[in-house]
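The values are calculated or read from the model by the stated rules, or taken from the named source; none is laboratory data. Everything numeric in this text was worked out from a predicted model, so none of it was measured. Cβ: placed from backbone, ideal geometry, glycine included. Neighbour counts: every protein chain shown.
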Amino acid sequence: MNRIAPTVIFASAMLATVVTSKVSASETLRAVPLAQVRLLSGEFKERQDIHRIVILSYDVDRLLHNFRVNAGLPSTAKPYGGWESPGVGLRGHFTGHYLSACALMYAATGDLQFKERVDKLVAELAKCQLALGGGYLSAFPASEFDVLETKFFDGVWAPYYTIHKIMAGLIDAAEQTGNRQALEAATRMADYFAARIGKLTPEAIEKMTRTDYTGNPVNEYGGIAESLLALHRLTGEARHLKLARVFMREWFIAPLAAGEDRLEKLHANTHVPQATSFAQVAALTGDARLRKAADNFWRIVTERHSFALGGNAFDEKFKAPGVEAADLTDLSAETCNTHNMLKLTRALYEQKPDCAYADYFEHALYNHVLASIAPDTGCTTYHLSVKPGHFKVYGTHHDSMWCCTGTGIENTARYGEGIYFTGTNSLWVNLYIPSTVELPERGFKLKQKSTFPASEKIQFTISCRKLVDLSLHLRLPGWLASAAEARVNGKPLAAKLIPGAGNYLKLDRKWRDGDTIALRLPLSVRVRPAMDDPGVVSFFYGPLLLAGALGTNAMPASDMTASQAAFHQLPVPPVPRLSSVSSAALTAVPGMPLRFTARVADGIHAADTVTFLPFHELHHQRYSLYWRAN
């Protein structure tokens, strides 16, 4: 990626502004807590509101059924289907996701209904934990771990994966709602597994955690270290950090720290969370090697293993570096992977606020995470197809219960996590999403209002009880079409801003109540060639991936299914080629924001043109994200 990274200083009688190309190595940031951010009217708020209804539609007793049965407690509830069915190895995982979603949605909205759900779930899970001996807590028996520790597979799916989801749900409940019982339950779980692992030989641990298919082929323990590190942060207890390190394996760390790409054939969603734990330990301890491993992993994945939509992996696994157009499949871009890539990106950005991280976060948020949710039903995708002529395949709310169903209901509650960050006497704006942020300790509130990216203009309004001396940093994205423009209280800055990745507009000022900032970010159509074939391109408008709409010909009666691969063998109609694949090939439709047309050249398409629109707005029809010229 070529980056324009100048440092430009502006001055006026009222304020000084600086476009910074580099941030001090000592500058660290922290995401503003969800409880201090509120979404305003717009597409993110719409998706969040849909999921508020969806989340509250789940029956808590049905979610608890498998836990109660496993603990020997009575249950008359009907269990949910799909991956939550009795006998499925991952049962219980969705209940953990659900607990996280409720806790996060309470923080994101203040709606007490979600806190009530959290409190009930935690209380009932604690009863199950007590019935199981006071430490172990799961919807499947502890004997699954006996098999894992001795036979290393032999029918066991991914028990630590599920334990992580349950533990993460409890920790989110503790952090976001203040539920003390949840923290106690998570701590007892951690101590149970510390004692269990403490009895294993180093050789057994190595086999159990060898997820490169030379040891245990399918033990997706992924993010368990993340939860243990969160416990360490919340309690200050070193034993949790010690246990987290057990799941951070040298065979994976060493090549990454050396900058080597050995990701081919690895299961992506197993290893992205591991890289996140490297970044988190680096933040806690200052371990430069782990920080380098995490950062190299991020760069390798985003630069060599990602599709145009920002997601990664083919049928859940990485392929050789640079493979893209050669294998455009519908079993691509697992949505969980991008959920976890955003976590990794945030962890890296907080330690080093580089605009490249923020650019990727925006890219993946719009073009994969937001695009994965149907705006009419709230149903979510597992794989988000990149196969030309295919369509989005959604799970059902009660009969799929996939991993991506779980992260899917978390995603909408997490929309506020990447918008605002705070540093030393500074507030950083990374995403242009209609919202408010409050800094109660400063008596400062910022309101962001726009229809971006349908419009290039963003308006900020400050509310404060008294003068507030604060540096405000506004991100200048790498996709800018030309120089950005800014006004403070209606007065333009003394010079135009320089676009390019790695820049922030820094406004140093003593802010008054009612101060306004008007920012204009010029947008244009741009082209991204595939990594392995420059003749195959994707079109973008600013940060938005544009999809060519191809209609509903030969689609199934419903694109919702309990099986994520249900339509894998379905034939795909021929996809037209375009007259040109340059940025000039797309023509804006007058009076219709974010709508474009391009001429076709081969007569396959029924019309002479293809309509393009943002990928996150296209649902329930066929599409293509990749195009060739005739």
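For the stretch 326-424, the helices (runs of 4 or more DSSP H) that sit wholly inside it and include 2 or more residues that are charged (D, E, K, R) and modelled with pLDDT of 95 or more are 335-351, 355-364. The residues of the stretch 284-337 that are among the hydrophobic types (A, V, I, L, M, F, W, C) and under 18 Å from Pro255 (Cα atoms), listed by number, are Ala288, Leu290, Ala293, Ala294, Phe297, Trp298, Ile300, Val301, Phe318, Ala320. From the list Arg52, Arg91, the lone residue that is of a type outside the set (Gly, Ala, Ser), over 19 Å from Gly135 (Cα atoms) and modelled with pLDDT of 95 or more is Arg52.
Which residues, taken from the stretch 608-630, are out of contact with any Leu (no Cβ under 8 Å at 6 or more places or on another chain) and within 14 Å of Leu586 (Cα to Cα)?
Asp608, Thr609, Thr611
Considering only residues of the stretch 612-630 that are part of a loop (DSSP other than H, G, I, E, B) and on the phi < 0 side of the Ramachandran plot, which is surrounded by the most Cβ atoms within 10 Å (Cβ to Cβ)? Checked the stretch 612-630; the qualifying residue surrounded by the most Cβ atoms within 10 Å (Cβ to Cβ) is Leu625.
Of the helices (runs of 4 or more DSSP H) that lie entirely inside the stretch 248-319, those containing 1 or more residues that are polar (S, T, N, Q) and in contact (Cβ under 8 Å) with a residue 24 or more places away in the chain span 268-285, 288-304.
Of the numbered criteria (1) more than 28 Å from the chain's Cα centre (by Cα); (2) free of Cβ contacts under 8 Å to residues at least 60 places away in the same chain, the one Arg595 fails is (1).
Let's see how each residue does on (1) surrounded by fewer than 24 Cβ atoms within 10 Å (Cβ to Cβ); (2) part of a helix (DSSP H, G or I); (3) in contact (Cβ under 8 Å) with a residue 60 or more places away in the chain:
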site: Ile171; (1), (2), (3): no, yes, yes
site: Ala182; (1), (2), (3): no, yes, yes
site: Arg188; (1), (2), (3): yes, yes, no
site: Asp191; (1), (2), (3): yes, yes, no
site: Ala194; (1), (2), (3): yes, yes, no
site: Ile197; (1), (2), (3): yes, yes, no
site: Glu203; (1), (2), (3): yes, yes, no
site: Asn219; (1), (2), (3): yes, no, yes
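The number of residues in the stretch 56-102 being acidic (Asp, Glu), under 28 Å from the mean Cα position of the chain (by Cα) and surrounded by fewer than 24 Cβ atoms within 10 Å (Cβ to Cβ) comes to 1. His390 falls short of the stated requirement of being within 22 Å of Trp157 (Cβ to Cβ) and either of a type outside the set (Val, Ile, Thr) or surrounded by fewer than 24 Cβ atoms within 10 Å (Cβ to Cβ) (or both). When Ala364, Ala374, Ala326 are checked against the criterion of being over 21 Å from Arg414 (Cβ atoms) and among the small types (Gly, Ala, Ser), Ala326 stands alone in meeting it. When the residues of the stretch 51-75 are filtered to those that are touching a residue at least 12 places away in the same chain (Cβ under 8 Å) and part of a loop (DSSP other than H, G, I, E, B), the one that is nearest to Lys127 (Cα to Cα) is Leu73. Taken over the stretch 320-340, the residue count meeting the criterion of being without any contact (Cβ under 8 Å) to a residue 40 or more places away in the chain, closer than 15 Å to Asp532 by Cα and buried (at least 23 other Cβ atoms within 10 Å of the Cβ) is 0.
Taking the criterion of being of a type in the set (Ser, Thr, Tyr) and in a loop (DSSP other than H, G, I, E, B), the residues of the stretch 440-482 that qualify are Thr451, Ser455, Ser482. Would you confirm whether or not the stretch 279-296 contains a residue that is buried (at least 17 other Cβ atoms within 10 Å of the Cβ), within 20 Å of Pro159 (Cβ to Cβ) and either hydrophobic (A, V, I, L, M, F, W, C) or at pLDDT 95 or above (or both)? Checked against the condition, which is being buried (at least 17 other Cβ atoms within 10 Å of the Cβ), within 20 Å of Pro159 (Cβ to Cβ) and either hydrophobic (A, V, I, L, M, F, W, C) or at pLDDT 95 or above (or both), the stretch 279-296 yields no hits at all.
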